[in-house]
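So that we are looking at the same thing, I have put the structure below in structure tokens.
Derivation of every value follows stated rules applied to the coordinates shown; laboratory data play no part. Every value quoted in this text rests on a predicted model; they were computed, and no experiment measured them. Don't worry about glycine lacking a Cβ; one is built from the backbone with ideal geometry, like all the others, and counts go over all protein chains shown.
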Ligand code: FES
Ligand SMILES: [Fe+2]
């Protein structure tokens with residue numbers, strides 16, 4: 001089957017997107033090739049491989065990769081594919097090792113990918129098996145770069161430098177890192193990993209969808225407030241209720257939160273009001289920050305209280321909460337989301353406890369807010385299988401209430417500008433090459 005650029009072009013309009021982008025397996029295959037294997041994708045935080053020999057494994061699109069730190073301290077992202085006959089080299093999610101030994105025929109590689117040993121090597125003498133690196137060594141992905149601890153990789157050479165690609169959206173990573181009195185983050189062990197029965201784009205869109213909260217989270221968040229009131233009364237401050245209460249806000253609050261979009265599909269919510277602004281102070285933290293940065297700068301850092309920032313297509317971060325969620329698409333209607341928690345170095349442990357409490361309450365599929373969203377993603381997947389109307393609306397506030405600012409475009413919170421911006425990048429990446437056949441996507 002041939003998917004032409006003209007056909008792809010016909011799926012995205014200025015104000016609507018065709019339902020097939022969510023439900024067609026052929027489109028999904030092409031997305032993996034052209035989006036996830038064609039642009040910068042988040043691999044991990046460099047603190048996950050803090051020591052030489054540390055490694056983690058993950059996926060970039062459909063490609064299995066290993067992120068390692070070699071003896072000299074350099075971070076590498078290598079294809080998880082033995083140079084010999086192609087076996088996956090390691091199935092461990094993380095570990096520490098000086099070498100990787102393939103379990104099939106025993107070839108041994110260093111953690112920078114260099115082949116160190118081939119058992120019974122003389123058998124290759126005079127066979128034409130030369131020193132060609134791809135026959136002997138593990139292959140590195142095309143590009144690896146690190147922005148303030150966040151490791152991104154691209155399987156394609158044809159990408160702009162990482163900082164240029166991040167653009168103005170990098171300020172959300174800056175703010176998360178600046179919240180550490182030592183200016184450094186550390187990814188803590190353990191991951192909240194869950195699977196949605198839905199297309200990856202529903203999650204990525206939802207993170208800056210400020211229209212849904214009033215309806216989708218109404219029942220869970222009001223119930224939590226009601227139960228807390230019954231159990232402990234209104235005057236006692238419960239951290240869980242501080243976190244959940246803003247989800248009971250109305251449309252004007254979410255509109256005033258505002259959104260900001262940037263080139264390359266990135267965006268964040270929380271240019272104005274913030275759902276994180278009313279948390280109780282942690283005095284030791286305030287003191288540590290002022291000792292590190294001074295009073296003025298500390299005030300400036302805390303005045304940025306963004307909700308979710310999306311680095312399209314793979315990484316979403318909550319700067320004020322120090323949690324990140326990573327998107328790993330599995331198939332057209334299955335997506336794995338991984339939540340990692342980051343410790344602010346030099347900050348009291350209470351901050352990390354709040355991060356994990358937030359994540360358990362809001363992100364976990366076994367708690368209050370996350371399941372509201374997951375249920376709607378599932379319903380979107382099912383609803384869009386019907387032939388009622390081929391088009392999905394992105395009309396809201398089209399061309400209205402927008403202002404160019406700091407290299408981006410700011411808009412009212414419930415604007416569909418975020419989705420229009422994501423699909424602009426989606427189309428750019430999907431039509432970057434020549435017309436694609438499905439073999440091309442495999
Ligand atoms: S496939 Fe790895 S050593 Fe043979
Ligand atoms: Fe939600």
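Can you give me the C-alpha center-to-center distance between segment 258-284 and segment 135-181, rounded to a whole angstrom?
22
Now a separate question. For the chain, set up a Gaussian network in which alpha carbons nearer than 10 Å are linked by springs, and say which option among 160, 329, 119 fluctuates the most.
Result for the chain, Cα springs under 10 Å: 119 fluctuates most.
Sticking with this one: Running a GNM on the chain with Cα contacts under 10 Å, which residue among 123, 110, 383 ends up with the highest mean-square fluctuation?
123
Given the DSSP H assignment, sum -39500 (n - 2.57) over each helix run of at least 4 residues in the chain and divide by its residue total; what's the result at 222 nm in deg cm²/dmol, nearest 500?
-8000 deg cm²/dmol
If r is the Cβ-Cβ distance from residue 252 to residue 393 and R0 is 22 Å, what FRET efficiency results, to the nearest 0.05?
0.50
Can you tell me the convex hull volume per residue for the chain, based on C-alpha atoms, in Å³ to the nearest whole number?
Numbers: hull volume 69.7 nm³, N = 442.
Cα convex hull per residue, to the nearest whole number: 158 Å³.
What ranking do 22-28, 174-180 get when scored by the average of other Cβ atoms within 10 Å per residue, highest first? Please list the in-between numbers first.
Details: 22-28: 18.0, 174-180: 21.7.
For the peptides 22-28, 174-180, the packing ranking is 174-180, 22-28.
Which residue, 241, 35, 330, tops the fluctuation ranking in a GNM of the chain built on C-alpha contacts under 10 Å?
Greatest mean-square fluctuation among the candidates belongs to 241.
Multiply the residue separation of residue 385 and residue 334 by 0.36 nm, subtract the distance between their alpha-carbon atoms, and state the gained length in nm to one decimal.
Value of the extension gain: 16.9 nm.
Given the C-alpha centroids of segment 376-409 and segment 308-322, what is the distance between them in whole angstrom?
What the calculation gives is 19 Å, centre to centre.
If you take the beta carbon distance between residue 14 and residue 139 as r and set R0 to 41 Å, what does 1/(1 + (r/R0)^6) give as a FRET efficiency, to the nearest 0.05?
Once the sixth-power term is evaluated, E becomes 0.50.
Additional query: Taking R0 as 41 Å, what's the FRET efficiency between residue 432 and residue 235 from their Cβ-Cβ distance, rounded to 0.05?
On the way: r = 58 Å, r/R0 = 1.41.
Efficiency computed from Cβ-Cβ geometry: 0.10.
For labels at residue 188 and residue 127 in the simple 7 Å Cα→Cβ model, what's the distance in nm?
5.1
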